[in-house]
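Q: Sharing a structure below in structure tokens format, with a few things to ask.
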Amino acid sequence: MTTSSEKLVVVTGASTGMGAATARELARRGLRVLAGVRRDRDADAIRAVTRGCCTRWSTTRASR
């Protein structure tokens, strides 16, 4: 049986609002969270409230 701590959940839009609330709640429940944010300060903020459970990845927009 898989435990919660073995699961990885990807949350996009984790900078603010529902995405941030979702990332916090999932981390509180013991899941590992990969949180997608746009700015370093957003990553630092979500990492602080999830006790380091979140990771930032870089996103870029494609040129038109």
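The values are calculated or read from the model by the stated rules, or taken from the named source; none is laboratory data. It should be emphasised that the depicted structure is a prediction, and the values quoted were computed from it without experimental measurement. So basically every Cβ, Gly included, is an ideal-geometry build from the backbone, and we count neighbours across all protein chains shown.
Q: Checking the condition basic (Lys, Arg) and modelled with pLDDT under 85, which residue from ARG56, ARG28, ARG24 passes?
A: Exactly one residue qualifies, and that residue is ARG56.
Q: Within the range 5-30, count every residue that is surrounded by 15 or more Cβ atoms within 10 Å (Cβ to Cβ), of a type outside the set (A, V, I, L, M) and not in a loop (DSSP other than H, G, I, E, B).
A: Qualifying residue count, the range 5-30: 3.
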